[in-house]
Amino acid sequence: MKRELICISCPIGCHIQAEMTAAGEVEVSGNRCPRGKAYALNELTDPKRMVTSVVACASKELPFVPVRSSAPVSMALIGELLDTLRALEVAPPLASGSVVLSDFKGSGVNIITTRSVKE
Amino acid sequence: MKELNYDVVVIGAGAAGLATAEVTASAGRSTLVIDRDDFAGGVLMQCIHNGFGLHHFKEELTGPEYAERLESAARNAGAEFLLQTTVMDFNLADNENKELLALSPEYGVMRITAKAVMLAMGCRERNRGNIGIPGRRPAGIFTAGLAQRLINMSGLLPGKSAVIIGSGDIGLIMARRLTWSGIPVKAVVEIRPFPSGLTRNIVQCLNDFNIPLYLGHTVSKINGADRVESVEISPLVDGVPDSSRSFTIECDTVLLSAGLIPENELSKRGGVTINMTTGGPLVDAWRMTNIPGVFAGGNVLHVHDLADYASDEAALAGRHILDYLNGKRPGREFPVAAGGNLRYVTPNEYIPGEKTQFFMRSLIVEDDAELIVSLDGQEIMRKKLRFVKPPEMLSVEVPGELTARGGQLSFALNGGGR
């Protein structure tokens with residue numbers, strides 16, 4: 001099945017048509033450079049996104065602390081990750097970069113705070 | 001009344017103000033940063049998504065991470081902060097001592113004097129009144145940034161299903177944020193024939209979730225008595241809504257992402273001249289306003305695509321604040337004008353013979369455009385620009401030797417015809 005993609009590797013934003021062949025190769029057209037092919041390959045096989053959200057925080061300063069994934073997360077796992085974060089509560093003091101969830105589902109990705117909370 | 005005196009007072013502790021404060025405090029100038037919020041960082045603190053810092057820190061960061069780095073740098077350099085403090089009034093006429101009246105719950109009314117003032121108040125969102133959407137006035141209509149603050153800082157959800165008006169970046173980011181928070185986004189409606197936001201945000205915030213983007217459409221009516229119940233959407237034909245093809249989408253929440261306006265009420269009180277096109281102060285090559293010793297940078301000057309650019313511009317203003325405090329002056333400057341296909345150019349003046357970086361915004365979408373720079377009507381420089389569009393700010397550096405003789409510098413964009 002042909003997929004229509006817009007490459008986001010640079011501001012040009014090539015419109016790419018990409019298809020997985022029976023041999024497991026990716027056939028692309030519309031890209032102006034090799035980065036377009038690499039982008040299409042990732043999008044067709046295991047698309048990943050950075051996840052940012054907030055986690056409840058038992059703090060006087062801030063009821064919710066912002067968090068992010070330490071690396072991009074497989075899109076297939078994002079729904080479950082967000083549910084897990086919704087159920088989580090952390091307590092200060094927290095330096096920015098504190099791990100609040102480690103190695104989510106064996107993906108090697110940690111969830112870390114992006115703001116420090118003193119009390 | 002508490003009386004304070006500093007070399008530099010920076011109004012606003014966001015991406016711009018923090019960058020200026022780091023520069024002036026590092027040079028040993030006493031620097032005070034004032035912000036009305038409970039914390040420094042400005043709007044960055046609610047922008048929990050990534051995509052910040054690639055230019056300024058050469059590393060991808062979220063908004064709060066970017067802000068904390070800037071704040072630490074400013075504090076480590078010796079800048080002082082007054083938070084929960086609002087500047088109420090200005091007396092900028094005295095060149096030596098500019099006087100500010102500020103108010104805070106801790107100190108009440110304060111009189112603060114400074115040798116130089118940096119305007120870094122940022123911008124605010126256009127609201128329903130600004131864009132004039134007809135219909136009833138139920139609850140459930142928010143600017144995108146307000147909804148962002150509610151969700152990301154207060155942990156409050158604004159509703160159960162949403163339509164977003166305008167395809168600016170904050171609106172796109174919020175489409176993903178709402179979806180990830182369990183609030184389906186039924187549509188994004190953009191009045192222009194092209195999206196206002198960056199392509200990466202169209203892809204990762206709309207396409208990832210199959211959220212329809214209606215280009216060349218407008219919300220012709222908001223329905224609902226106490227709470228929003230639905231919106232009516234109409235395609236635009238020659239700029240007029242075609243009611244024969246209107247359709248209705250049910251939702252209880254409407255978010256507006258319809259542009260930003262530099263926040264200059266305070267600047268106007270102080271007698272700062274405003275550029276009617278950008279809504280920001282008119283500034284010279286130093287980013288100094290018409291009032292000597294009063295500078296501006298970041299979104300208060302013109303709305304930037306990236307926080308990084310706002311910080312860079314404000315740091316540049318900071319370096320010229322140091323020049324100013326050291327007794328230097330820019331000397332004779334000449335005017336800068338935006339010509340064909342450009343909405344504006346900043347700065348509005350230049351110093352002949354000095355290399356200057358100019359920033360401008362296109363009015364057109366073009367694959368192959370040419371930027372033509374002229375001095376008193378005579379072409380001095382030409383630059384090919386690929387993939388020009390209004391949401392992406394253009395910049396060009398004009399070498400000093402080309403402008404040595406002075407005169408009016410004008411910029412124009414030639415479209416190749418898409």
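The values are calculated or read from the model by the stated rules, or taken from the named source; none is laboratory data. Computed from a prediction, not measured in an experiment: that's the story for all the values here. All Cβ positions, even for glycine, are placed from backbone atoms using ideal geometry, and neighbour counts span all protein chains on display. Accessible surface areas use protein heavy atoms only, side chains included; no ligands, DNA or RNA. Shrake-Rupley method; radii C 1.70, N 1.55, O 1.52, S 1.80 Å.
Overview of values
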| item | result |
| --- | --- |
| Residue, farthest from the other protein chains (Cβ to nearest Cβ), within region A:61-71, restricted to residues that are surrounded by 15 or more Cβ atoms within 10 Å (Cβ to Cβ) and in contact (Cβ under 8 Å) with a residue 12 or more places away in the chain | A:Ser70 |
| Among residues of region B:293-305, those that are open to solvent by 20 Å² or more (accessible area, probe 1.4 Å) and modelled with pLDDT of 95 or more, counted | 1 |
| Candidate set from region B:232-260 (those that are under 24 Å from B:Arg149 (Cα atoms) and at pLDDT below 95); member that is surrounded by the most Cβ atoms within 10 Å (Cβ to Cβ) | B:Ser257 |
| Enumeration of residues in region B:265-274 that are touching a strand residue (DSSP E or B) at 6+ places or on another chain (Cβ under 9 Å) and either open to solvent by 20 Å² or more (accessible area, probe 1.4 Å) or in the same structural domain as B:Leu363 (by TED's automatic domain parsing) (or both) | B:Leu266, B:Lys268, B:Arg269, B:Gly271, B:Thr273, B:Ile274 |
| Failed item, numbered, when B:Gly51 is tested on (1) open to solvent by less than 60 Å² (accessible area, probe 1.4 Å); (2) at pLDDT below 95; (3) more than 14 Å from every other protein chain (Cβ to nearest Cβ) | (3) |
| Selection from region B:132-147 of residues that are open to solvent by less than 30 Å² (accessible area, probe 1.4 Å) and among the hydrophobic types (A, V, I, L, M, F, W, C) | B:Ile133, B:Ala144, B:Ala147 |
| Selected residue [open to solvent by less than 50 Å² (accessible area, probe 1.4 Å) and of a type in the set (Asp, Glu)] from B:Glu354, B:Glu366 | B:Glu366 |
| Of residues in region A:1-25 being small (Gly, Ala, Ser) and within 14 Å of chain B (Cβ to nearest Cβ), the one surrounded by the most Cβ atoms within 10 Å (Cβ to Cβ) | A:Ala18 |
| Selection within region B:262-281 - more than 24 Å from B:Leu101 (Cβ to Cβ) and either at pLDDT 95 or above or of a type in the set (Val, Ile, Thr) (or both) | B:Thr277, B:Thr278 |
| Flag for A:Val90 being of a type in the set (A, V, I, L, M, F, W, C) and either facing chain B (nearest Cβ under 8 Å) or open to solvent by less than 10 Å² (accessible area, probe 1.4 Å) (or both) | no |
| Top-ranked residue of region A:72-85 - restricted to ones that are of a type outside the set (A, V, I, L, M, F, W, C) and surrounded by 14 or more Cβ atoms within 10 Å (Cβ to Cβ), ranked as nearest to the other protein chains (Cβ to nearest Cβ) | A:Pro72 |
| Tally, over region B:170-200, of residues that are within 9 Å of chain A (Cβ to nearest Cβ) and either at pLDDT below 95 or more than 25 Å from A:Ala40 (Cβ to Cβ) (or both) | 6 |
| Region A:96-119 - residue that is open to solvent by 60 Å² or more (accessible area, probe 1.4 Å) and closer than 18 Å to A:Ala58 by Cβ and, of those, farthest from the other protein chains (Cβ to nearest Cβ) | A:Val99 |
| Every residue from region B:13-38 that is open to solvent by 10 Å² or more (accessible area, probe 1.4 Å) and assigned to a loop (DSSP other than H, G, I, E, B) | B:Gly14, B:Ala27, B:Gly28, B:Arg29, B:Ser30, B:Asp35, B:Arg36, B:Asp37, B:Asp38 |
| Residue in region B:308-342 that is nearest to B:Lys115 (Cα to Cα), counting only those that are open to solvent by 20 Å² or more (accessible area, probe 1.4 Å) and under 18 Å from the mean Cα position of the chain (by Cα) | B:Leu316 |
| Single condition A:Ala56 does not satisfy, out of (1) without any contact (Cβ under 8 Å) to a residue 40 or more places away in the chain; (2) more than 29 Å from B:Phe39 (Cβ to Cβ); (3) of a type outside the set (Asp, Glu) | (2) |
| Complete set of residues in region B:382-413 that are of a type outside the set (Lys, Arg), within 14 Å of chain A (Cβ to nearest Cβ) and loosely packed, with under 13 Cβ neighbours inside 10 Å | B:Ser395 |
| Test: residue in region A:27-44 that is open to solvent by less than 20 Å² (accessible area, probe 1.4 Å) and within 30 Å of B:Leu156 (Cβ to Cβ) | no |
| Matching strands (runs of 3 or more DSSP E) fully within region A:13-119 where at least 2 residues are at pLDDT below 95 | A:15-20, A:26-29 |
| Tally of residues being at the interface with chain B (Cβ under 8 Å from one of its Cβ atoms) and either open to solvent by 60 Å² or more (accessible area, probe 1.4 Å) or closer than 11 Å to A:Thr113 by Cα (or both) across region A:45-60 | 3 |
| Failed item in (1) touching an Asp or Glu at 6+ places or on another chain (Cβ under 8 Å); (2) under 30 Å from B:Val388 (Cβ atoms); (3) away from chain B (no Cβ under 11 Å), with A:Ser29 passing the rest | (1) |
